[in-house]
Structures are given as C-alpha cells and as structure tokens.
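> Pasting in a structure now, in structure tokens, and then I'll have a few things to ask.
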Amino acid sequence: MALGALIGAYQEDDSGGLRALLPLAGKTLIEYQVRCVAAAGAAPIVVSVERVPQALQDAFERLRLDGIGVFPVSDVHEAVSRFEAGTTILLIGDGIAPSAQLVTAIAEEPEAVVATVPDDEVHEAFERIDAETRWAGIALVDSKTLGSTAAILGDWDLQSTLLRRTIQDGALRWHASEHGGEPLLAERPEQLEAFQRQLVQGSSAARRDWASRFILPPIEDLATYQLMRTSVRPSWLIWSALALTVGGAIAFSRGWLGTGLTMLGLSTPLDLIAARLGAIRLKPLPRTSLTRTLLWPAAGAAVLMLGWWKMRHGGSDWGVLLAAVAAAAFAEAARLEGTSGPGELWVISRRNAILLAIPFAIFGTWTAYLIALFVYAAASFFYLQHARRFAARVDPKLTEIG
C-alpha cells in the first residue's frame with residue numbers, strides 16, 4: 001500500500017516565528033520531520049502552510065537538493081489531490097519532534113493508528129483526546145478519511161478535525177513510549193536542546209575496537225554535539241580523515257614523526273563522527289564508500305613510510321622495514337579474515353594501531369613500536385583464524401569467508 005505524509009507547518013512559536021523553523025541539528029524542525037517520514041518510505045510529502053517565508057522556502061530547497069520532494073499547500077483540497085486513492089498517510093503535527101523509530105513503527109502498521117501520551121501536567125501542551133490520553137502528534141490515517149474531512153472542514157483546523165474523525169472511525173491507539181519514545185512538542189528553541197542530546201546519544205553505533213570503545217567516545221560526543229548545529233557534511237569529515245592519514249604518511253617519509261602521528265591521531269574519530277552526523281540527519285553514510293575504503297591502505301602506507309625512514313635515517317638496518325612490511329601484511333590478512341566475533345575489540349584495527357603508537361612515541365622508541373605492531377598484527381591474524389575454525393566446527397556453514 002502506498003504511503004504518503006502530511007505535515008503541519010503553520011503555527012507560530014512564542015517569538016512569532018513558525019514552529020517548523022525552530023533550529024534542530026543544524027537545520028530546522030521541518031527538515032527533521034520530512035527526513036523522518038522520507039526514511040520511513042513516505043512519498044509524496046505534503047506540508048500544510050499558511051505562508052511560506054524565505055527561511056521555509058530555503059528549507060524546502062535544501063531537501064530538494066538532497067532528493068526529497070516536498071509539496072507545500074495552503075488549501076486542504078489541494079492537499080487531498082496530492083494523494084492517490086488508497087494511500088495511507090503519516091500525519092505529523094505542527095512543532096512535533098518524533099523519534100525516527102516511532103515514525104517507522106507507525107508507518108509499518110497496516111491499520112489507522114493514533115500515538116498517544118498520558119493526560120497529565122507534563123503533556124498539557126498536547127491536544128487532549130479524552131480524560132486519560134492526549135495526542136502525541138503523530139498518526140497514520142487513510143486518504144479516504146482525509147478527503148471526507150476536507151469536504152466538511154469549513155473553518156475548522158485540519159489537523160485536529162482529521163484526528164477526531166480518525167479516532168471516531170476506530171483507529172488503534174498506541175502509547176508512544178512503548179513504540180520508540182514520546183515525541184517532543186516544541187514551542188521554543190531551548191525545548192529542543194534535550195532532544196538534540198538524545199539524538200547524539202542515539203547516534204552511537206556499536207564499537208568494534210578498543211580505541212573507539214574506551215578512548216574516543218568523549219571526543220566523539222563533544223564533536224558530534226557541536227558539529228550537528230553546523231552545515232558541516234559527513235563526507236567532509238571522511239575526506240579530512242583521508243587527507244590527515246595521507247599527510248601522516250608523507251610526514252613520516254620526511255622524518256617528521258611527531259607531526260605524522262599527530263595527524264594520524266586526529267584522523268581516528270572523524271569517520272565515526274561522520275557516521276553519527278549522518279544518522280542524526282537521517283542520511284546514513286553509504287556502506288560502500290571509496291573514501292572510507294581508502295583509509296585502511298593509507299594507514300598501511302604510513303606504517304611503511306615510518307619503516308622506510310627508520311631504516312634510512314634512524315640508525316636501523318633493513319630489519320625495521322621488514323617489520324613494517326610484515327605488520328602491514330598481517331594487518332591486511334587479519335582484515336580479510338574478518339574481525340567480527342568474540343574478542344573483536346582487541347584485534348588490530350586502524351584506530352588501535354595508531355593509538356598504540358602514542359606510548360612508544362613519548363619515549364622515542366619507534367623501532368620498538370614497529371616490532372610490537374608486527375607482533376600485534378600477527379597475533380590478531382592467528383587468533384582470528386583459530387576463532388573462525390572453532391566456529392566452523394560448531395557450525396559448518398561458517399567455513400566460507402563472508
């Protein structure tokens with residue numbers, strides 16, 4: 001069944017501006033709402049407006065540039081005409097900031113649904129349904145109900161009237177807290193601060209190495225919270241990580257070892273921050289990205305450049321270069337073996353290898369670092385081989401490399 005969306009964007013906040021234009025994650029609330037319903041598969045996305053100030057037009061244009069079509073309408077009959085017969089419609093209230101999980105859960109329901117919150121002092125700003133519940137600001141209605149509501153609307157508010165008719169027709173009622181969390185009804189910018197912090201916390205994915213699990217999270221959280229308010233794109237951070245890694249390799253080749261390690265260290269959280277920004281803005285990074293893929297060979301090149309420089313200028317023989325080559329080779333073999341499963345936190349990774357260098361750099365023992373890295377990479381490879389063979393004995397289906 002086709003899915004569309006109808007979003008309200010006409011009510012004013014406490015300062016006289018539109019609630020839809022309240023700032024959220026570096027964009028506006030309306031952009032967040034549109035991206036939520038788009039991520040749930042809704043199209044067309046119709047926005048009910050009374051006026052379209054330049055800031056709202058700019059928000060629509062940014063969405064269009066990202067490939068999300070938005071249709072602002074000021075007439076209810078025009079809104080009805082945008083939806084085909086039989087379409088189910090996600091209804092998002094004006095000023096409502098729902099979780100993406102709640103929007104997706106409601107969008108997947110085959111019947112009409114109204115999300116609710118308790119009728120108490122905390123939720124007094126939400127529209128009352130009865131003595132026990134209030135509307136959470138999100139519902140799933142059908143185009144037939146929208147059309148019949150438009151026919152009798154007159155001077156009544158479309159959002160409230162459509163809600164009432166949907167409830168009268170026997171729509172299911174869901175407690176929003178049980179299906180992704182209660183939405184926020186925003187009337188002032190400061191009300192969105194706590195919601196933005198929730199977005200930051202919810203954007204953290206599973207961490208698969210000890211560097212990102214134990215050392216980088218405070219840096220990630222702070223940087224993500226600051227950058228989410230800006231226009232910085234996640235792809236810029238990935239490119240920056242690659243540039244810093246390549247720069248670190250060049251610095252190693254010139255003998256600027258401290259500079260090189262600093263550049264590599266600065267690169268370690270950037271791809272994680274980029275992924276979190278993409279998740280917050282509901283624009284996840286593609287699984288296959290050339291830039292992200294190049295981070296690994298670029299880090300390997302940095303190790304080789306360090307070994308090459310130490311061999312030529314560090315008073316070491318060819319053995320140190322051999323250690324660097326072997327470390328890079330075993331690290332690549334471990335990566336191809338697959339690093340998921342028990343103990344994955346402790347096996348070699350790009351971030352682990354970079355942060356491991358810090359104590360060696362403090363004492364100036366770079367040759368010892370390359371030897372330690374070789375041992376670490378080799379141990380990781382043999383451990384992963386052993387773990388995979390053990391898993392294959394338990395389940396023969398695991399004999400093929402995924």
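The values are calculated or read from the model by the stated rules, or taken from the named source; none is laboratory data. Computed from a predicted model, the values in this text were never measured in an experiment. Glycine gets a Cβ as well: all are built from the backbone with ideal geometry, and neighbour counts include every protein chain shown. When the accessible area is computed, the model is the full protein with side chains, heavy atoms only, and any ligands, DNA or RNA have been set aside. Shrake-Rupley method; radii C 1.70, N 1.55, O 1.52, S 1.80 Å.
> What residue among Val47, Thr28, Leu65 has its Cα farthest toward the positive end of the dipole of the range 6-85, where the charges are +1 on Lys, Arg and -1 on Asp, Glu, each on the Cβ?
Selected residue: Leu65.
> Report, in debye and to the nearest 20, how large the dipole of the chain comes out about its Cα centre when Lys and Arg carry +1 and Asp and Glu carry -1 on their Cβ.
Here the chain has a charge dipole of around 2560 debye.
> When Lys and Arg each count +1 and Asp and Glu each count -1, what net charge do the other residues less than 15 Å away from Ser212, Cβ to Cβ, add up to?
Here the count lands on +2.
> Got a sec? Charge dipole of the chain, +1 on Cβ for Lys and Arg, -1 for Asp and Glu; which of Ala368, Pro269, Pro98 is way out at the positive end?
Selected residue: Ala368.
> Here's a follow-up. Under a 10 Å cutoff between Cα atoms, tell me which one of Leu304, Leu184, Leu294 has the largest fluctuation in the Gaussian network model of the chain.
Leu294
> Suppose every K and R has +1 on its Cβ and every D and E has -1 on its Cβ; what is the size of the dipole of the range 162-304 about the Cα centre, in Debye to the nearest 20?
Computed about the Cα centre, the dipole is about 320 debye.
> Counting Lys +1, Arg +1, Asp -1, Glu -1, what net charge surrounds Ala2 among other residues with beta carbon under 11 Å of its beta carbon?
Residues close to Ala2 contribute a combined charge of -2.
> Let me ask another. Just to be sure I understand the curve: with the Debye formula and one point per C-alpha of the chain, what is log10 I(q)/I(0) at q = 0.06, 0.09, 0.12 Å⁻¹?
-0.35, -0.68, -0.93
> For the chain, modelled as a Gaussian network with Cα springs under 10 Å, which listed residue fluctuates most, Phe252, Phe214, Phe195?
Of the options given, Phe214 has the highest mean-square fluctuation.
> Give, as a single signed number, the net charge of other residues whose beta carbon lies under 12 Å from the beta carbon of Leu345, with Lys and Arg counted +1 and Asp and Glu -1.
Charge balance in the 12 Å sphere: +2.
> Could you give the length gained by full extension between His77 and Arg233, i.e. 0.36 nm per residue of separation minus their alpha carbon distance, to one decimal place?
Gain in length upon complete extension: 52.4 nm.
> Using packing as a proxy for protection, rank 32-42, 63-73 so that the peptide with the highest average count of other Cβ atoms within 10 Å comes first.
32-42, 63-73
> Given a 1.4 angstrom probe, I'd like the percentage of the accessible area of the range 201-351 that is carbon and sulfur, rounded to a whole number.
65
> Highest mean first, what order results for 371-384, 164-177 on Cβ atoms within 10 Å?
Result, highest mean first: 371-384, 164-177.
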